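The structure under discussion appears below in the form of structure tokens.
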Amino acid sequence: MNGIEFRNVTKRYGTDRNAPLAVKGISFEVPVGTLTTILGPSGCGKTTTLRMIAGLESPTSGSIFMGGRDVTTLGPAERNVSMMFQSYALFPHMNVIENVGYGLRMSGVKKDEATARAREALRGVGLVGFDERLPSELSGGQQQRVALARALVLEPAVLLFDEPLSNLDARLRREMREEIRALQQRLKLTVAYVTHDQSEALAVSDQIIVMDHGVIAQRGTPEQLYGRPESEFVAGFMGEAMVFPATAQADGSVALGPLRLQPRHAVAPGTVKVAVRPEAWQIGAADAGSGLPATLRKAAYLGSFYEYGFDTTLGPVFVVSNDLSRPLAAGAQATLSLGAHGVSVVPGA
């Protein structure tokens, strides 16, 4: 059974029938007990989609189902949904235990029971002993945990996250995404998660939906979207793939300059594009005899890897290399070839 289902949902803001659609007839499912990330650049419609799941926005057309029930016209209170906002939205004048128990009290739960359940929720997110603190006395990560406990304590059928980690530093962001994923799997929560961060989406998701200008560009598992993008947009958005014009040959191979590729799926002869991720390039000696001749333009050391910018007959090429033992200096000559992973052929339109 699907926890969330969209059926041909559109959304237009305002009453002008000629106003552009923010969401253009999208359909998808979030199975019960799984986490689906809605991913895309600013203005793609992902937050509007999340707000329609929450009941904070109404679709212009189409239907929304939760647990098999049509909730299209129902408000947030009738959907058994909790939403965690980017700003956390904690009440500054309430302490931690009051913030977490607020939703229970508003639902008519007695004070003692609400406090006990709030304390248990705080234990679940690792905040034992923080009951009396005010939000202003907490770090950003601690505030995030309080907001998560407040969402979980209501035991929602569906939990929604709107850019929940964007206010945290890189290390804490990694820790919290692991914690959210572990909680989701342990409690078998049905989660819809909005972010613009591709690595975050890859790390936490059972399913990723990539949106572009109000439509779904592609959806699938993290492995499918990263390894087998179906369009130039998805290839470029999932990671840092560079896209090059190429030619599909009659024998089924693809010519990318002097390089020859064997695509994973059949490609009709003609113009195509090849998306190459920076880790797919392999750097060889200048006299390797085959491959793509390249001249190193710039190099950057990032601790566990190098970033290289090469000039080639295909244009600039961005390469990530884990070979720390043989760093290259600007001006070095090399030959580039392609590994088996991180290379995709996409339509050439």
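The values are calculated or read from the model by the stated rules, or taken from the named source; none is laboratory data. Computed from a predicted structure; not experimentally measured. Cβ placement follows ideal geometry from the backbone for every residue including glycine, while neighbour counts extend to all protein chains displayed.
Looking only at residues of region 113-142 that are among the β-branched types (Val, Ile, Thr) and modelled with pLDDT under 90, we find that the one that is farthest from Leu168 (Cα to Cα) is Val128. Remark: pairs (first residue in region 197-211, within 10 Å of Met238 (Cα to Cα) and free of Cβ contacts under 8 Å to residues at least 40 places away in the same chain; second residue outside any loop (DSSP other than H, G, I, E, B) and among the β-branched types (Val, Ile, Thr); Cβ separation under 8 Å; 6+ apart in sequence or on different chains) = Leu202/Ile208. Taking each residue of region 20-32 that is in a strand (DSSP E or B) and looking for partners that are among the aliphatic types (A, V, I, L, M) with beta-carbon atoms closer than 6 Å, six or more apart or interchain, yields Lys24/Val215; Ile26/Val9; Ile26/Ile216; Phe28/Ile209; Val30/Ile4; Val30/Ala192. Between Val274, Val319, the distinction of being modelled with pLDDT of 90 or more, more than 20 Å from Leu225 (Cβ to Cβ), assigned to a strand (DSSP E or B) and within 25 Å of the chain's Cα centre (by Cα) belongs to Val319 only. Inspection of region 299-308 identifies at least one residue that is assigned to a strand (DSSP E or B) and of a type in the set (Asp, Glu). Considering only residues in region 322-345 that are in contact with a Phe, Trp or Tyr (Cβ under 9 Å, 6 or more places away or on another chain) and in a strand (DSSP E or B), the one that is nearest to Arg228 (Cα to Cα) turns out to be Leu338.
Can you confirm whether Ala121 is in the same structural domain as Thr48 (by TED's automatic domain parsing) and either touching a strand residue (DSSP E or B) at 6+ places or on another chain (Cβ under 9 Å) or farther than 10 Å from Arg150 by Cα (or both)? Taking the combined requirement at face value, the residue does not satisfy it. Of all residues in region 225-255 being of a type in the set (A, V, I, L, M, F, W, C) and more than 30 Å from Asp197 (Cα to Cα), which is surrounded by the fewest Cβ atoms within 10 Å (Cβ to Cβ)? Among them, the one singled out is Ala250.
Could you tell me whether region 243-251 includes any residue that is small (Gly, Ala, Ser) and assigned to a loop (DSSP other than H, G, I, E, B)? Within region 243-251, one or more residues are small (Gly, Ala, Ser) and assigned to a loop (DSSP other than H, G, I, E, B).
All of Gly220, Gly214, Gly236 fail the test of being touching a Cys at 6+ places or on another chain (Cβ under 8 Å), over 30 Å from Glu120 (Cβ atoms) and among the small types (Gly, Ala, Ser), apart from Gly214. When the criteria are applied in full, Asn95 meets the requirement of being at negative phi, surrounded by fewer than 21 Cβ atoms within 10 Å (Cβ to Cβ), touching an Asp or Glu at 6+ places or on another chain (Cβ under 6 Å) and assigned by TED's automatic domain parsing to the domain that holds Gly45.
Within region 63-92, being of a type in the set (Phe, Trp, Tyr) and within 24 Å of the chain's Cα centre (by Cα) holds for Phe65, Phe85, Tyr88. The sole residue among Ala89, Ala147 that is more than 23 Å from Ser205 (Cα to Cα) and either modelled with pLDDT under 95 or in contact with a Gly (Cβ under 8 Å, 6 or more places away or on another chain) (or both) is Ala89. In region 124-147, the residues that are within 15 Å of Glu179 (Cβ to Cβ) form Cβ pairs under 7 Å with partners that are charged (D, E, K, R), at six or more places apart or across chains, as follows: Val125/Arg145; Gly126/Arg145; Leu127/Arg145.
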